[in-house]
Amino acid sequence: MRQAGLDAHEQRAHELVERILTGDRVAAGRAISLLENGGPGAPCLLSGLYPHTGHAYRLGFTGPPGAGKSTLLDRLTVELRKRGKSVGILSVDPSSPFTHGALLGDRVRMSGATADPSVFMRSMASRGALGGLARTTFEAADVLDALGRDVILIETVGVGQSELDVSSAVDVTVVVLTPEAGGGVQMIKAGLMEIADILVLNKADREHADAMEAELLDYLDIVENGRLMRGRVSTAEGWEVPLVRTVALDGTGISELADALEKYRAWLEESGVWEQRRQRQARAKLREMIAARVERALWEAPGRRELLDALADQMAAGRTEPVRAVEEFLGKVRSSGLLI
Amino acid sequence: MVEAMARPYKVLLAKPGLDGHDRGIKVVARALRDAGFEVIYTGLHQTPEMIVEAALQEDVDCVALSILSGAHMTIFPRVRALLDGQGAKDVVVTGGGIIPEEDMEALYAQGISRLFGPGTSLDDIVRYMTEALEARREERESE
């Protein structure tokens with residue numbers, strides 16, 4: 001029975017892959033759900049998609065809530081469509097940790113992009129994952145890659161201080177800030193600046209935009225050969241991070257942003273950093289998948305949860321202490337002979 | 001370890017046409033979120049084609065429309081027909097607004113799920129949605 005059931009799931013996964021390769025958007029929508037929900041056909045689906053991925057240019061957008069990321073992505077999508085690129089969008093919004101419900105409102109700001117039926121846009125609830133993304137955001141990106149999208153835009157939750165995950169899994173990280181985003185020290189503290197390949201100062205028509213730009217440029221200053229160079233910070237690989245001023249609402253600076261993204265891609269390919277990036281992405285992905293498998297195996301083996309409960313009872317009653325309890329737990333795991 | 005939980009139901013809430021009154025739909029969106037649904041809100045001025053395209057890309061369990069403009073007899077059947085045409089017959093179409101009783105009956109006969117008028121309590125909406133989507137999931141899984 002079980003085997004027959006699995007075969008049916010595999011069959012369905014194969015069908016989805018075939019349909020996605022013909023550009024079927026309904027199949028792409030279903031496939032992302034299968035990955036999000038981790039159904040029995042999900043591993044088969046991922047394996048089937050894999051040979052057809054790796055072509056899309058993956059862009060990550062991060063920055064504090066209210067920075068205008070959704071509106072910026074909407075206008076950028078329209079610009080990329082004008083330049084003949086097909087576009088996929090993944091927007092992540094937070095799930096409630098209490099009810100698991102989520103209100104996914106990015107479509108409200110993306111009516112320009114989504115009016116074009118060839119733009120595929122998917123909202124994802126974070127479902128408890130940290131780092132500004134859903135656990136399956138990059139798997140969903142594989143679906144859009146196999147669907148033939150040239151460019152995939154990934155928008156993070158936007159909590160601002162724990163979004164470093166996105167940079168390990170995209171080709172370019174765009175950090176979106178506003179004149180109100182806080183002083184320079186705040187920016188450095190947030191760690192956001194270090195992950196930026198391109199900086200966007202959105203809402204640049206507002207008061208204090210010039211002051212914010214000056215502050216950002218101060219941050220981008222480096223001392224080269226004993227001389228202060230303005231706005232010349234470069235990433236570890238040697239790319240000079242540009243600052244693009246935009247007003248997403250009226251479209252100001254969007255074309256310049258698209259240019260900067262094209263320039264970055266050309267640099268990635270010429271410098272050979274593209275291969276390094278893909279290796280880094282592969283590593284991050286493998287690590288994530290291995291960790292997920294190990295964790296599942298750890299808790300699925302019989303008796304593990306009961307053992308956890310028993311040790312917790314002992315600890316609460318003061319009969320053991322945490323370090324010893326962990327050792328005892330791992331000792332039993334090892335002697336069981338089952339994977340970890 | 002995060003305990004495996006039943007996946008949340010996904011609902012697309014949309015305001016079709018020129019009707020710009022979105023207070024009600026936003027209240028419903030919040031109530032559904034608080035009841036554990038994943039709610040996708042599209043915003044105002046959506047055409048039936050846009051709504052259906054969004055429903056397919058988002059792979060939702062249910063499309064719920066808020067119509068206060070009197071266009072319900074055109075828009076509900078149109079959304080239903082477009083979904084059916086794309087092989088999404090099992091997506092529940094429901095909604096609310098200023099809809100006379102006899103129109104509701106006529107829409108039910110055309111495959112529209114329950115409709116809600118003014119004065120409906122949020123609890124009723126949440127209870128109905130939960131039951132309808134549970135039944136749909138059981139049906140889907142028994143296939």
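The values are calculated or read from the model by the stated rules, or taken from the named source; none is laboratory data. Just so you know, these numbers come straight off a predicted model, no measurement behind them. No Cβ is skipped: glycine too gets one built from the backbone with ideal geometry, and neighbour counts run over all protein chains shown. Please note that ligands, DNA and RNA were not included when accessible areas were found on the heavy atoms of the full protein model with its side chains. Shrake-Rupley method; radii C 1.70, N 1.55, O 1.52, S 1.80 Å.
Here is a yes/no grid of residues against (1) within 14 Å of chain B (Cβ to nearest Cβ); (2) surrounded by fewer than 21 Cβ atoms within 10 Å (Cβ to Cβ); (3) not basic (Lys, Arg):
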{"residue": "A:Glu10", "(1), (2), (3)": "no, yes, yes"}
{"residue": "A:Val17", "(1), (2), (3)": "no, no, yes"}
{"residue": "A:Arg25", "(1), (2), (3)": "yes, yes, no"}
{"residue": "A:Ile32", "(1), (2), (3)": "yes, no, yes"}
{"residue": "A:Ser47", "(1), (2), (3)": "no, yes, yes"}
{"residue": "A:His52", "(1), (2), (3)": "no, yes, yes"}
{"residue": "A:Arg58", "(1), (2), (3)": "no, no, no"}
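Of the residues making up segment B:76-94, those that are within 14 Å of the chain's Cα centre (by Cα), under 20 Å from B:Glu138 (Cα atoms) and of a type outside the set (S, T, N, Q) are B:Ala88, B:Lys89, B:Asp90, B:Val91, B:Val92, B:Val93. Candidates in segment B:52-63 are the residues that are open to solvent by 10 Å² or more (accessible area, probe 1.4 Å) and in contact with a Ser or Thr (Cβ under 8 Å, 6 or more places away or on another chain); of these, the one that is nearest to the other protein chains (Cβ to nearest Cβ) is B:Asp59. Across segment A:101-113, the number of residues qualifying as in contact (Cβ under 8 Å) with a residue 24 or more places away in the chain and either among the charged types (D, E, K, R) or out of contact with any Phe, Trp or Tyr (no Cβ under 9 Å at 6 or more places or on another chain) (or both) comes to 6. Where helices (runs of 4 or more DSSP H) fall entirely within segment A:243-340, those with at least 3 residues that are among the basic types (Lys, Arg) are at A:273-300, A:322-336. Remark: pairs (first residue in segment A:114-130, more than 7 Å from every other protein chain (Cβ to nearest Cβ); second residue of a type in the set (Ser, Thr, Tyr) and part of a strand (DSSP E or B); Cβ separation under 9 Å; 6+ apart in sequence or on different chains) = A:Met124/A:Ser91; A:Ser126/A:Ser95; A:Arg127/A:Ser95; A:Ala129/A:Ser95. Pairs linking a residue in segment A:277-306 that is farther than 23 Å from A:Arg58 by Cα to a residue that is of a type in the set (Phe, Trp, Tyr), with Cβ atoms under 7 Å and 6 or more positions apart or on different chains, are A:Arg305/A:Trp299.
Among the residues of segment A:308-340, those that are within 20 Å of A:Arg293 (Cα to Cα), open to solvent by 60 Å² or more (accessible area, probe 1.4 Å) and of a type in the set (A, V, I, L, M, F, W, C) comprise A:Leu308, A:Leu330, A:Leu338, A:Leu339, A:Ile340. Of all residues in segment B:65-90 being open to solvent by 10 Å² or more (accessible area, probe 1.4 Å) and hydrophobic (A, V, I, L, M, F, W, C), which is nearest to the other protein chains (Cβ to nearest Cβ)? Here the answer is B:Leu82. When segment B:20-51 is limited to residues that are under 18 Å from A:Ala115 (Cα atoms) and open to solvent by less than 10 Å² (accessible area, probe 1.4 Å), the one that is farthest from the other protein chains (Cβ to nearest Cβ) turns out to be B:Ile51.
Out of segment A:284-307, which residues are over 28 Å from A:Val166 (Cα atoms) and open to solvent by 50 Å² or more (accessible area, probe 1.4 Å)? Those that are over 28 Å from A:Val166 (Cα atoms) and open to solvent by 50 Å² or more (accessible area, probe 1.4 Å): A:Glu300, A:Pro302, A:Arg305, A:Glu306.
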